[in-house]
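Trainee: Dropping the structure in here first, questions after.
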Amino acid sequence: MSLIKSISGIRGTIGGHVGENLTPLDIVKFTAAFATIICDGKTTPRMVVGRDGRISGSMVQQLVMQTLVGLGVEVIDLGLSTTPTVELAVPAEKAAGGIIITASHNPQEWNALKLLNAEGEFINAEVGRKVLQLAEKEQFQFATVEKLGSIVSKDYLTTHIDAIINYPLVDVALVASRQLKVVVDAINSTGATYVPALLKKLGIQEVIVINEKINGQFAHNPEPLPEHLRGLCEEVVRQGADLGIAVDPDVDRLCFVNEDGTLFGEEYTLVAVADYILSKRKGNTVSNMSSTKSLREVTISRGGVYTPAAVGEVNVVKKMKDTHAVIGGEGNGGIIVPDFHYGRDALIGIGLFLTHFAGQDKAMSGFRKNYPNYFISKNKIELPEGINLVVLLDKLSEKYKKQPQNREDGLRIEFDQDWVHLRASNTEPIVRIYAESDLETKASNIAQQLLRDIRENSLSGS
């Protein structure tokens, strides 16, 4: 059981003791703290709330909304929705902010509150620290009975999908002309509603959905990684489909399966979409520094400048704004299209990816060959209690001091054409170790060497 409080929100397992897990009291305190800060000074504050399909979602949402009502806030209730849909709704509703109830890729026993500012973007570190401090102090001013808030239910599914259909670089006629057959793994959450609705609007008549019952009882681990998508891969082949689509429970991450049941590769979702965007618009790109170097190569080939960012959507968005990037995101299948909205959005990603794919007279496996075949070894380790991660990374930095390094987010080390990145997870009590190379064995060997280094230094009392 676990509770993780950070500047980006609160995340934990349902049940257990207050302050150790995500309990009703923790939810109320954190909601009250966020709303108090984000609505400060507004005479008629308004906030947008939506959730994914988790088992605990309805319970958590009721606690969140009624706490907001008690603070005198008008709540726009999107009900079962997606993270990017809530992000779009916040500015559309002229709200002070938003709360998305989702633990994203975490298993079904987890839930979380993702916090948005008035622009529908994740709050920055300064606001996050204020929320944590106020939640700890519990100094809230609730509304008197005549000033209680209210709840208004709205559905933004059609609004979101229409915005994608009307986006200038999404070509509905072109996608429809391919007469595609698509299998969707909706992982028992809101993708079961949103993704098929989008595909139908894109002119795709044959859509098969697996794991479509929205009950939060995830048919497999919800993180869209290769080891969790075997069922989708098999169904694509069984159905004779042109491709498969997988999203995570809150529909901000996206990956594809080729017609032969092989994976397109979650890292290459962003690469393919960026290649398409850059073929239409000159500009720069950003991804986090745990993402494939393929994006940098595509960007340079298209005459743009690539910039790495610290892991975390808010960090990628800030770097995109700083560099005027026309496309960006994360290698975990997160697509951020800035003139659509500054947030990871699997739905606009689907529209752009399918437009790019439909414009080429190739099967998906042939389309994948447009891009290099690099391998990323993704690993994680739980450090012994009491280990100082900063000191540990300092020791590793010293060991590899002859190699180019980046300390903006943990430690990233360059080895000729390869790299390794070590950093503390934002969502789990672990350290992640990612390494990339042109050979799977090389990537794995680099990662395993750093894992050995971590264990050795941990044992020596870092």
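Trainee: What order, most packed first, do the peptides 219-231, 63-75, 284-296 have when packing is the mean number of other Cβ atoms within 10 Å of each residue?
Mentor: Output ranking for 219-231, 63-75, 284-296: 284-296, 63-75, 219-231.
Trainee: Here's something else I'd like to know. Under a straight-distance cross-link criterion of Cα-Cα below 22 Å, which lysines are reachable from Lys369, leaving out those fewer than 8 residues away in the same chain?
Mentor: Lys181, Lys280, Lys293, Lys442
Trainee: Would any residue of the stretch 196-238 have its amide N under 14 Å from a label point 7 Å out along Cα→Cβ of Ser58? List them or say none.
Mentor: 214-217
Trainee: What share of all Cα pairs of the stretch 160-257, in percent, falls into each consecutive 10 Å distance bin?
Mentor: 17, 48, 30, 5
Trainee: Would you kindly state how much longer the chain becomes between Arg238 and Asp260 on full extension, computed as 0.36 nm times their sequence separation minus their alpha carbon distance, in nm to one decimal?
Mentor: Details: separation 22, 0.36 × 22 = 7.92 nm, distance 0.97 nm.
Taking Arg238 through Asp260 to full extension adds about 6.9 nm, to one decimal.
Trainee: Further, regarding this structure: So, in Å, what gap is there between the alpha-carbon centers of the stretch 28-75 and the stretch 307-382?
Mentor: Answer, in whole Å: 31.
Trainee: Which whole-number percent is the relative contact order of the stretch 3-155 (Cα, under 8 Å, 6+ apart)?
Mentor: Details: 323 pairs, mean separation 49.5, N = 153.
Value for the stretch 3-155: 32 percent.
Trainee: Which value in deg cm²/dmol, rounded to the nearest 500, describes the helix-derived mean residue ellipticity at 222 nm for the chain, given -39,500 (n - 2.57) per DSSP H run of n ≥ 4 and division by the residue count?
Mentor: -11000 deg cm²/dmol
Trainee: Here is a further query. Among the DSSP beta bridges whose two residues both lie in the stretch 267-368, what percent are antiparallel, rounded to the nearest 5?
Mentor: That works out to approximately 35 percent antiparallel.
Trainee: Just report the Cα centroid separation between the stretch 180-244 and the stretch 86-148, whole Å.
Mentor: 30 Å
Trainee: Compute the convex hull volume of the Cα atoms of the stretch 267-368, divide it by the residue count, and report the result per residue in Å³ as a whole number.
Mentor: 87 Å³
Trainee: Put a dot 7 Å past each Cα toward the Cβ at Phe142 and Glu227; how far apart are the dots in nm?
Mentor: 4.5 nm
Trainee: Next up: Could you give me the radius of gyration and the Dmax of the stretch 375-459, taking only the C-alpha atoms into account and expressing both in angstrom?
Mentor: My reading of the Cα-based Rg and Dmax gives 12.1, 36 Å.
Trainee: Given the stretch 185-328 reduced to its alpha-carbon atoms as identical point scatterers, what log10 I(q)/I(0) does the Debye formula return at q = 0.14 Å⁻¹?
Mentor: -0.75
Trainee: Please report, in whole Å, how far the alpha carbons of the stretch 49-152 spread along each principal axis, starting with the longest.
Mentor: Projected onto its principal axes, the Cα set of the stretch 49-152 covers 38, 30, 27 Å.
Trainee: Still on this structure, please answer the following. For the stretch 1-111, with equal point scatterers placed on the C-alpha atoms only and solvent neglected, what are the log10 I(q)/I(0) values from the Debye formula at q = 0.09, 0.15 1/Å, to two decimals?
Mentor: Each listed q corresponds, in turn, to -0.21, -0.59.
Trainee: Could you state, as a whole-number percent, how many of the C-alpha pairs of the stretch 297-444 are farther apart than 28 Å? Kindly include the intermediate steps, with their values, before the conclusion.
Mentor: Values: 3208 of 10878 pairs.
Within the stretch 297-444, distances greater than 28 Å cover 29 percent of Cα pairs.
Bear in mind these aren't lab numbers, they're just calculated from the coordinates by the rules spelled out. Please read all numbers here as calculations on a predicted model, not as lab measurements. Ideal geometry is used to build each Cβ from the backbone, glycine not excepted, and the neighbour counts take in all protein chains shown.
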